[in-house]
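To start, the structure under review is shown below, and the notes come after it.
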Amino acid sequence: MADVVGATLARLGADHVFGVVGSGNFHVTNALVAHGVRFVATRHEGGAATAADAYTRVSGRPALVSVHQGCGLTNAMTGIAEAAKSRTPMIVLAAEPAASALRSNFRVDQDALAHAVGASSARVHGPDTAVAETAAAWQLAVSDRRTVILNLPLDVQAMPATLTDPEPLPVPVPLSAPAASTQALTRLLTEAQRPIFIAGRGALHARAEIEDLAEACGALLATSAVAKGLFVGNPWNLDVSGGFATPLAAELITASDLVVAWGASLTMWTTRHGALINPAATVVQVDLEPSAIGAHHRADLGVVGDTAACATAVLAALGGATSAGQRSDRVRARLSTAARWRDVPFTDDGDATHIDPRTLTVALDDLLPAERVIGVDSGNFMGYPSMFLSVPDHHGFCFTQAFQSIGLGLATALGAALARPGRLPVAACGDGGFLMGIAELETIRRLGIGMLIVVYNDDAYGAEVHHFGPAGHALDTVVFPETDLAAVARGHGCQAVTVRTPADLEPVATWLAGPRDVPLLVDAKIAAGRPSWWLEEAFRGH
C-alpha cells in the first residue's frame, strides 16, 4: 500500500519530498521517487521539515516530508511546529508502529504530537481507503493551508492495494467579503486622510489588487516581515512594518489615521507591541480566517474574505473617487532617500578585528546579483540581512520565524534554493544557529548548490548577552571561545573566508564571478558591543 500512497501524492501534484529514510518510510519514499517526485535527502529530520516549509513558501507548491516512525517524527517537530504556526500547506508522511505493536520502542502518541504544535493529524487505515485518505490529507493541506501529519502504520503499509485515480479536488473559489463589510471599509477609506496598508502572507497573491486600491485612496504600502518584497518597485513602499521598520516608516505608520491589514496578523512584531499604531487610528483586518481578526491587536472592523477579492470590491465601490492621502511630493522625496535601512546614517562600530554588521551587509548588498533568495535564521543579528539586503520580490525572502527557533537558517535557505534555482541562494545565520543546524551544510555541499552562507559570528548567543548583560548577570553560559567556522566549512568541502574588515570580502567577489559550484561560507567576525536596533525595541516592549 505504500506505493499507492506515493503514487497518489505524485498524481495530486507533489514534486519534492524532503526527509531521512529509515525502515518505516523506505517504501513510501521509493514509491514517490518512482513516480517522478524528487527526493532530497537531508541529514536531520528537523532540516527536512524546515526545508520543505521553505520550499513551499517560496515556490507556492506543497512539499512533502518523509520520516521514520517515532524518533524520526520527534526529530522533525521543531520544523513542523514552525510550518504549522505559519499555516504552511505541507504533508508529513510519518511511519507509525502497527496498532498491535503496543510495546514497540518507536511508539509515541503521534496524533498528540501533531495537535500539540498546531498541525493536523490524519491516517491511512487500510488498502480500500488509501487513495481517498491520502487525497483528503492533500486537500486539507492545500485548501485549508494546514500542515498535516499523515500517519502510515507499518502493517497497513504492507497490505496490497490497488491504485485508482483520486477524486478531482474542488476548484477553490475566492471567498467574497460580505457586502456590509466592504461598504464599511469603503466608507472608512473615503473618510481617512492618512491611510496605510500593511500586507501579510495572506496577501501575497493580491499585490495588483491592493496596489490599485492604494492608488485610488492614497494609501502608503508596508508589509509584515514574512511578506517582505511584495511591493518592491512601488514608490510608496515603506518596506517592513514593526521592529524592522526604518525610522521614516515608523513615523509614517504612526501618523496614519487608518491602518488596513491585508492578510496580516498584526502581531507584536508587526506593531512593535502595539506602539507603532496610533491609539486614535482606526484598524481594519481583512483575512480569510475569522479567528485571526483581533487575535493580536484590536480590530475596529473585521472583514472576512479573500484579500484580492475584497480589494477589488472596495475599489469598485469607490466608483472612481480618489484621494491623495499621504501621497505628497514631500513624502515621495523622503521615501526616495530614506526608505531603506542602508540609507540611514550610522556610526561604524568596527575595528581592525571585527566588522560592523551594517557595514558588512551593505557591502554584500552591493556585491550580490539582484536575483537572489535569502533565508534568515533567528537571533540578534537577523535584522541586518533582513533589512540591509534587498530582494527582487516576495519570492526572494524566506523568514521562518513564527516559532522563533534558532538553527533553521541553513535548512530554510536549502528549501528556498531548490524552489528558485535561477537565483543566488543566501543563508544568513548567527554562529549559534549555524552550529545548531550544521548537519545541512553537508546536504547543501552534496547537492552542489552554490550558496552564499553568511555567519554573523559574535561567539555568543547575542540576544541573551544583550538582554541580560546590562543587568549585570553572569554571561558564561552564553559566551563561547572564538571558533574558526571557515575551517569547519572547508572540512565539509566548501570554500570559506574569514571577514574582519571590508577588504576581506574580496574573495566573495571572486566566488560570485563563477563558477559557484560549491558553497562559500563567510565567517564574519562582527562587532557586537551593542544590540541590534530591533532587539532594543523588542526588549523595551517586554
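Evaluating Ala370 against the criteria (1) outside any loop (DSSP other than H, G, I, E, B); (2) of a type in the set (A, V, I, L, M); (3) within 22 Å of Thr223 (Cβ to Cβ) leaves one unmet condition, (1). Of the listed requirements (1) more than 23 Å from the chain's Cα centre (by Cα); (2) within 17 Å of Arg334 (Cα to Cα); (3) of a type in the set (Ser, Thr, Tyr), Thr282 misses just one: (2).
Taking the range 487-541 as the range and being within 14 Å of Leu441 (Cα to Cα) and hydrophobic (A, V, I, L, M, F, W, C) as the test, the residues that pass are Ala487, Val488, Ala489, Cys494, Ala496, Val518, Leu520, Leu521, Val522. Taking the conditions (1) without any contact (Cβ under 8 Å) to a residue 40 or more places away in the chain; (2) buried (at least 19 other Cβ atoms within 10 Å of the Cβ) in turn, Gly319 satisfies each one other than (2).
Restricting the range 13-35 to residues that are crowded, with 19+ Cβ neighbours inside 10 Å and among the aliphatic types (A, V, I, L, M), the residue that is farthest from Gly72 (Cα to Cα) is Ala14.
Right, Leu447: among the aliphatic types (A, V, I, L, M), in contact with a Ser or Thr (Cβ under 6 Å, 6 or more places away or on another chain) and either farther than 22 Å from Glu537 by Cα or touching a residue at least 12 places away in the same chain (Cβ under 8 Å) (or both) or not?
no
Once the range 344-355 is narrowed to residues that are in contact (Cβ under 8 Å) with a residue 24 or more places away in the chain and not hydroxyl-bearing (Ser, Thr, Tyr), the residue that is surrounded by the fewest Cβ atoms within 10 Å (Cβ to Cβ) is Ala352.
Hey, any hits in the range 193-204 for a residue that's of a type outside the set (Ser, Thr, Tyr), exposed (fewer than 15 other Cβ atoms within 10 Å of the Cβ) and either assigned by TED's automatic domain parsing to the domain that holds Leu220 or touching a Leu at 6+ places or on another chain (Cβ under 7 Å) (or both)? Within the range 193-204, one or more residues are of a type outside the set (Ser, Thr, Tyr), exposed (fewer than 15 other Cβ atoms within 10 Å of the Cβ) and either assigned by TED's automatic domain parsing to the domain that holds Leu220 or touching a Leu at 6+ places or on another chain (Cβ under 7 Å) (or both). Going by what's in this entry, would Ile374 be described as surrounded by 20 or more Cβ atoms within 10 Å (Cβ to Cβ), under 24 Å from Leu248 (Cβ atoms), at pLDDT 95 or above and among the β-branched types (Val, Ile, Thr)? Judged against the criteria, Ile374 is a match.
Residues are listed down the side, and each one gets a yes or a no for (1) closer than 30 Å to Thr246 by Cβ; (2) out of contact with any Lys or Arg (no Cβ under 7 Å at 6 or more places or on another chain):
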site: Val426; (1), (2): yes, no
site: Arg445; (1), (2): no, yes
site: Ile449; (1), (2): no, yes
site: Asn457; (1), (2): yes, no
site: Thr477; (1), (2): no, yes
site: Ala509; (1), (2): yes, yes
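In the range 30-55, the qualifying residues are those that are β-branched (Val, Ile, Thr) and free of Cβ contacts under 8 Å to residues at least 40 places away in the same chain, and the one that is farthest from Gly415 (Cα to Cα) is Val33. Checking each residue in the range 380-423 for being in a loop (DSSP other than H, G, I, E, B) and hydroxyl-bearing (Ser, Thr, Tyr) picks out Ser390, Thr400, Ser405.
Of all residues in the range 279-291, those satisfying the criterion of being at pLDDT below 95 and in contact with a helix residue (DSSP H, G or I) (Cβ under 9 Å, 6 or more places away or on another chain) are Leu288, Glu289.
Ser176 passes every criterion in (1) in contact with an Asp or Glu (Cβ under 9 Å, 6 or more places away or on another chain); (2) in contact (Cβ under 8 Å) with a residue 40 or more places away in the chain; (3) over 28 Å from Val142 (Cβ atoms); (4) surrounded by 15 or more Cβ atoms within 10 Å (Cβ to Cβ) apart from (3).
Evaluated against (1) aliphatic (A, V, I, L, M); (2) touching a residue at least 24 places away in the same chain (Cβ under 8 Å); (3) over 27 Å from Phe403 (Cα atoms), Ala295 falls short on exactly one condition, (3).
If you go through the range 192-214 and pick out every residue that is of a type in the set (Asp, Glu) and either under 17 Å from Pro290 (Cβ atoms) or in contact (Cβ under 8 Å) with a residue 24 or more places away in the chain (or both), you end up with 2. Assess whether Ala7 counts as being in contact (Cβ under 8 Å) with a residue 12 or more places away in the chain, assigned to a helix (DSSP H, G or I), more than 18 Å from Ala130 (Cα to Cα) and not assigned by TED's automatic domain parsing to the domain that holds Glu289. Considered against the rule, which asks whether it is in contact (Cβ under 8 Å) with a residue 12 or more places away in the chain, assigned to a helix (DSSP H, G or I), more than 18 Å from Ala130 (Cα to Cα) and not assigned by TED's automatic domain parsing to the domain that holds Glu289, Ala7 comes out as no.
Residues being among the small types (Gly, Ala, Ser) and within 27 Å of Phe403 (Cβ to Cβ) are represented in the range 434-453 by at least one member.
The set of residues from the range 444-473 being of a type in the set (Asp, Glu) and either outside the structural domain of Leu521 (by TED's automatic domain parsing) or closer than 16 Å to Gly383 by Cβ (or both) comprises just one member, Asp458. Taken over the range 103-129, residues that are in contact with a strand residue (DSSP E or B) (Cβ under 6 Å, 6 or more places away or on another chain) and modelled with pLDDT under 95 amount to 0.
The values are calculated or read from the model by the stated rules, or taken from the named source; none is laboratory data. Because the structure is a prediction, the values reported are computed rather than measured. Every residue, glycine among them, receives a Cβ derived from its backbone with ideal geometry; neighbour counts consider all protein chains shown.
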